[in-house]
Amino acid sequence: MRHSNIVDSITGINHFCIGLLIILFCHNNFIQAQVTLNPTNNAVLMDIASTSKGVITPRMTFVQRNAIVNPAQGLLVFQVDSTKGYYFYVNSNWKNLSMLVLLSDVDNDTKVQVEKNNDENIIRMDLGGTEHMALKKNNVNEGRIEFSNNKGSIYMGKSAGKNSNARNFAIGDSTLVNIFSGANNLDIGKSVDVKCNRKR
């Protein structure tokens, strides 16, 4: 019995020492990493400070990333194969941070964007929250400019079609600028306001 008690005591001491070492190790690394939870700035949840180390997010393959069930908005991972890089999840799509190209105004309603949808190879232009133009390829791999949400009209030139209605075509400065009604007009030249009302 005495021998058993001694062994149990030694085992207990060993477990205590191991636990203490783990606590000290974690505490030491915590201090070295300079991680601050709930810092003084109310807008910050966690502050990690270092001048020689970085932070690694979860690393996974393309297949593993796409296998994540119901990914949260803003979820961030690093993809290690195929097109490598940081990906974040937004609006039902994974976006590559290193390849995301977006030119926009402050409120993000007027913008030029590439890759609105995954690998679509289209350049889109939004004005005031509505897409009006897209540069894309047709079925035989030739480029074309597609105008959308313009009521079937195309205007090119300073003030061209400024007051024009639907289904008009104007090329030239101030062309169709004084046409307030009518459709199916086609005018080319400077300051042309001929109301043709051509029928298709």
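Of all residues in the range 70-113, which are assigned to a loop (DSSP other than H, G, I, E, B) and among the hydroxyl-bearing types (Ser, Thr, Tyr)? Can you show your working first?
Pass one, the range 70-113, residues assigned to a loop (DSSP other than H, G, I, E, B): 70-75, 80-84, 91-92, 97-100, 105-110.
Passing the criteria: SER82, THR83, SER92, SER98, THR110.
With under 30 Å from LYS116 (Cβ atoms), outside the structural domain of VAL114 (by TED's automatic domain parsing) and either modelled with pLDDT of 85 or more or of a type in the set (S, T, N, Q) (or both) as the only criterion, which of SER52, SER92 stands out?
Numbers: SER52 fails: under 30 Å from LYS116 (Cβ atoms).
The match here is SER92.
Consider VAL77 carefully, then state whether it is among the hydrophobic types (A, V, I, L, M, F, W, C), closer than 25 Å to SER98 by Cα, surrounded by fewer than 10 Cβ atoms within 10 Å (Cβ to Cβ) and at pLDDT 90 or above. If you could, list the steps in order and put the result at the bottom.
Working: among the hydrophobic types (A, V, I, L, M, F, W, C): yes; closer than 25 Å to SER98 by Cα: yes; surrounded by fewer than 10 Cβ atoms within 10 Å (Cβ to Cβ): no; at pLDDT 90 or above: yes.
No, not satisfied.
Exactly one of (1) under 25 Å from ASN165 (Cβ atoms); (2) in contact with a Ser or Thr (Cβ under 6 Å, 6 or more places away or on another chain) is unmet by THR110. Its number?
(2)
Are any of the residues in the range 114-125 part of a strand (DSSP E or B), surrounded by 12 or more Cβ atoms within 10 Å (Cβ to Cβ) and under 12 Å from the mean Cα position of the chain (by Cα)?
First, pick out the residues of the range 114-125 that are part of a strand (DSSP E or B): 114, 123-125.
Going one step further and asking which of them are surrounded by 12 or more Cβ atoms within 10 Å (Cβ to Cβ), we end up with 114, 123-125.
Restricting the remaining residues to those that are under 12 Å from the mean Cα position of the chain (by Cα) gives 114.
Yes, the range 114-125 contains a residue that is part of a strand (DSSP E or B), surrounded by 12 or more Cβ atoms within 10 Å (Cβ to Cβ) and under 12 Å from the mean Cα position of the chain (by Cα).
The values are calculated or read from the model by the stated rules, or taken from the named source; none is laboratory data. Computed from a predicted model, the values in this text were never measured in an experiment. Ideal geometry is used to build each Cβ from the backbone, glycine not excepted, and the neighbour counts take in all protein chains shown.
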